[in-house]
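Here is the structure we will look at, set down as C-alpha cells.
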Amino acid sequence: MSDDILFDLKGVSKKFVKGKDTITVFDGLDMSIARGDFLAIMGPSGSGKTTLLNMLGGVDQPTGGEIWFDGSRIDSLSENQLAAWRANNIGFIFQFYNLMPMLNAERNVELPLLLTKLSRSQRKKNIAAALELVSLSDRARHMPAEMSGGQQQRVAIARALVSDPKLMLCDEPTGDLDRETADEILSMLQLLNREYDKTIVMVTHDPEAAKYAKRTLHLDKGVFVEKDLAA
Amino acid sequence: MAGFFSQIWTVIVMNILSLPRRAWMSLAAVFAVAVVVAVLLAFLAMAKGFEKTLAGTGSDKVAIVTRVGSQSELNSVLGRDTVNNLTTAPGIAPDADGNPIYSSELFVIVDGIKRNSQTQANIPMRGIFLEGFDLRENLTIVEGRAFESGRNEIVVGKGVQQQFEGFDVGAEIRFGKTAWQVVGVFSTGGSAFESELWADAPTVQSQFQRGSSFQTVRLLLANADDVTPIKEFIDNDPTLNLDVQTEADYFASQGEALNGIAIFGWAISIVMGLGALAGALNTMYTSVAARAQETATLRAIGFSNTSAFAGTLAESMVLSIVGGIVGAFAAWLFFDGFSASTLGATFTQVVFSFELTPELFANGIQLALAIGFIGGFFPAWRSARVPVVTAFQGVE
Ligand SMILES: Nc1ncnc2c1ncn2[C@@H]1O[C@H](COP(=O)(O)OP(=O)(O)O)[C@@H](O)[C@H]1O
Ligand SMILES: [Mg+2]
C-alpha cells in the first residue's frame, strides 16, 4: 500500500436489517482516498452517500470488508476506541452545523480540544487561530442563535479543524446555505485543502459545490459510476 | 483518558445550560419533588417535635409508680396506705431531715375549648402538692403565682394557655359544677407538663370525689436511673401491686405510640415520590430526545458515552436537589416551630412544636436525591446509547 493512501476500502459491504427486509446499500465496494485529496461524492438521494461518509468517519461500521486508515484497520475497533480515533483524526462538518446552542462560538470551537491534553492557555491560542482562519475572531463570544447560517457553518469549520485532524468529512456542508454563502464556505474548504493539507471528503448533490473539489465520484445504488460532469 | 473529567464536566454544564429550553417541564419536575419533600418534612418535623416534647418531659432522676397494668397515669389508682408503705422503700433520695422526697399526685381530665378550631378537647388536670413542683426540671412560674392549698385555684401550663381559651390569669373557669380561679402560668421549658393544669391535690381529691386516693407517686431517686431497690421492695411485699419505672422511660414509651406519624409520613411521601419519579423520568426522557442530535454530535467529535450518561444524570440530580431544597425551605418556613397539639397516649392533648432538625433536612434531601438518581438513571442510559449517526440526520 502506498504511503500516499489515507483511506483504503476493500470489499466493503453494508446492510441494514429492518424486520424481515434487508437493505443492501453497499456490496463489495472498493475505493481509496489519497492523502491531500479533496473528494466530492455526488449521487441521487438514497444512493448511500451518508452511509459511506459515516463509515469513513467511524460513526457506523461496515457489515463486511475492511477499512484501512493510515495503515491500520478501523472497522474492527470498539465503540470507545472509535470515539478516541475520531477525536484524533476526524473533523466533521454537518449540513445543519450542529453547534451547541447553549455555548458561544469559542466554547463550541473548544469542544474537540477538551479531549486533548492541551492546557487552558494552549486551548485559547488554538481557538483564536481557528476562528481567525474562518474570519470570525470578532464573533468569539456570540451565541449560535445570534449568527447567520454561513457564520454558524464557519464556526463549525473552526471546530472541525481546531484539533488539527488529518481528515475533514462534510455532509452537504452547503445544503442549507444560499449560493453566495455556499461559495464562501467552499472556498474556505478549498483553502484548508490547499494551504493546510487537509484531506477532505465532501458529500453533496450540488454540481457547483463539487467544482471546488479536486475530483468527484458519482455514487449510484452503492457503486461508483463514471460520469464526467466536471467538463 | 485525556480530558476524561473535562469532557464530563462540559457535558454536565451543557445539560444544565439547556434547561431553560424545557423551562416549564423542568419547573414542574422541581415542583413535584419540592412538594414531596415538604410533605415528608412536615410529618417528620411533627413526629420529631412530639418525640422531643415527650423526651424532654421525663427525668431519669425521678421514678414514677403506678398500679400494675395501668399503662398510664390516667388509669392508675393508689390508696393512701399504699403511698405511705411505698415511701419507706430504699433507694429514695432523702431531704435534709432524712425524709424521702416524693410527690403523690392525681391525674384527671377536664374539657377546654381550643382557640383555633373552637372544638372541645381534653386537658389533663394534675392534683399535686407544692413539694411535687421540685420534682420537675426547669419549672418556673412565668406569670402570677402558685395555687394555695385548700383553695380552688389552678396554675396553667404555658401550652394550655396558648392553645385553649379562657385561661388568662385572674379568669374563673368551670369544670362541671366546680369553679376555679386561674392564679398563674407555669413553664417547664417545653415539656409535656406544659399541656397540664395543676391544682392542690387535696382539693382535687374532694372536688372530683377521689376520697383519699392518689393515682401516681413520683419518687426522687437516690441514684439516677436506678429503680432496682424500689422494684425489689415492691416485689417482696405481696400487698403492693405496683409498676415502677423512671419518668424518662415512662414518657418514652408514651411517645412510641406516635412513631406511627413518622412511618405514615414516609409511606405517604414514598407514594407521592413515585409520582414525582414518573414526572422526573418523563422530563428526562424528553430532554434526552430533544438533545439527541447534540449528544450524537458530541459523540462524533469524540466525546465518550460516559459523558452523555453523566450529563443526563447530573441534569436530573440538579433538578431534584433544587426541588428538595425548595421543599425543605418551604417546610421550614411553614412548619418549623409551628405549634400543634395532638392526642397523647392518655387521650389528652399534648402541645408540642414541629421541629425541623438538620437530620430531617438531610432526610428530605436524600429523598430528593433518590428521585433524581432513579429519574435520571434510565434516561441517562438511553442518552449514552444515542446512535452517533443521529448527528447526520436532519432536524426532526
Ligand atoms: N439506519 C438505517 N436503517 C435502515 N436503512 C438505512 C439506514 N441508514 C440508511 N439507510 C438506507 O440506506 C440507503 C442509503 O442511505 P443514505 O446513505 O442516507 O443515502 P444518501 O445519503 O445518499 O441519501 C437508503 O435506502 C436508506 O433508506
Ligand atoms: Mg444523505
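Key figures
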{"item": "Number of the condition not met by A:T50 [criteria: (1) of a type outside the set (A, V, I, L, M); (2) within 16 Å of ligand 2 (Cβ to nearest atom); (3) open to solvent by 20 Å² or more (accessible area, probe 1.4 Å); (4) in a loop (DSSP other than H, G, I, E, B)]", "result": "(4)"}
{"item": "Unique residue being surrounded by fewer than 22 Cβ atoms within 10 Å (Cβ to Cβ) and either of a type in the set (S, T, Y) or touching a Gly at 6+ places or on another chain (Cβ under 9 Å) (or both) when the list is B:N122, B:N116, B:N152", "result": "B:N122"}
{"item": "Test for B:Y285: is it in contact (Cβ under 8 Å) with a residue 24 or more places away in the chain, over 30 Å from A:N89 (Cβ atoms) and touching a Gly at 6+ places or on another chain (Cβ under 7 Å)", "result": "no"}
{"item": "Any hit, the range A:5-25, residues being within 16 Å of ligand 2 (Cβ to nearest atom) and open to solvent by less than 10 Å² (accessible area, probe 1.4 Å)", "result": "no"}
{"item": "Pairs, first more than 10 Å from every other protein chain (Cβ to nearest Cβ) and in contact (Cβ under 8 Å) with a residue 40 or more places away in the chain in the range A:47-72, second open to solvent by 20 Å² or more (accessible area, probe 1.4 Å) and small (G, A, S), C-beta under 8 Å, six or more apart", "result": "A:G64/A:G11; A:G65/A:G11; A:G65/A:G28; A:E66/A:G11"}
{"item": "Residue within the range B:293-303 that is more than 11 Å from chain A (Cβ to nearest Cβ), over 30 Å from B:N122 (Cα atoms), part of a helix (DSSP H, G or I) and of a type in the set (G, A, S) present", "result": "no"}
{"item": "Identity of the residue in the range A:31-47, under 14 Å from A:L217 (Cβ atoms) and within 12 Å of ligand 1 (Cβ to nearest atom), that ends up surrounded by the most Cβ atoms within 10 Å (Cβ to Cβ)", "result": "A:I41"}
{"item": "Selection from the range B:33-53 of residues that are closer than 17 Å to B:L369 by Cβ and surrounded by fewer than 23 Cβ atoms within 10 Å (Cβ to Cβ)", "result": "B:V35, B:V39"}
{"item": "Selection within the range A:101-120 - facing chain B (nearest Cβ under 7 Å) and within 18 Å of the chain's Cα centre (by Cα)", "result": "A:L111, A:P112"}
{"item": "Any helices (runs of 4 or more DSSP H) falling wholly within the range A:129-231 and containing at least 1 residues that are within 16 Å of ligand 1 (Cβ to nearest atom)", "result": "A:207-210"}
{"item": "Residue list for the range A:73-100, restricted to those being at the interface with chain B (Cβ under 7 Å from one of its Cβ atoms) and open to solvent by less than 30 Å² (accessible area, probe 1.4 Å)", "result": "A:A83, A:R86, A:A87, A:F92, A:F94, A:N98, A:M100"}
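The values are calculated or read from the model by the stated rules, or taken from the named source; none is laboratory data. Quick caveat: nothing in here was measured; it's all calculated off a predicted structure. Neighbour counts run over all protein chains shown; Cβ positions are idealised from the backbone, glycine included. Heads up: the accessible areas ignore ligands, DNA and RNA and are worked out on the full protein's heavy atoms, side chains in. Shrake-Rupley method; radii C 1.70, N 1.55, O 1.52, S 1.80 Å.
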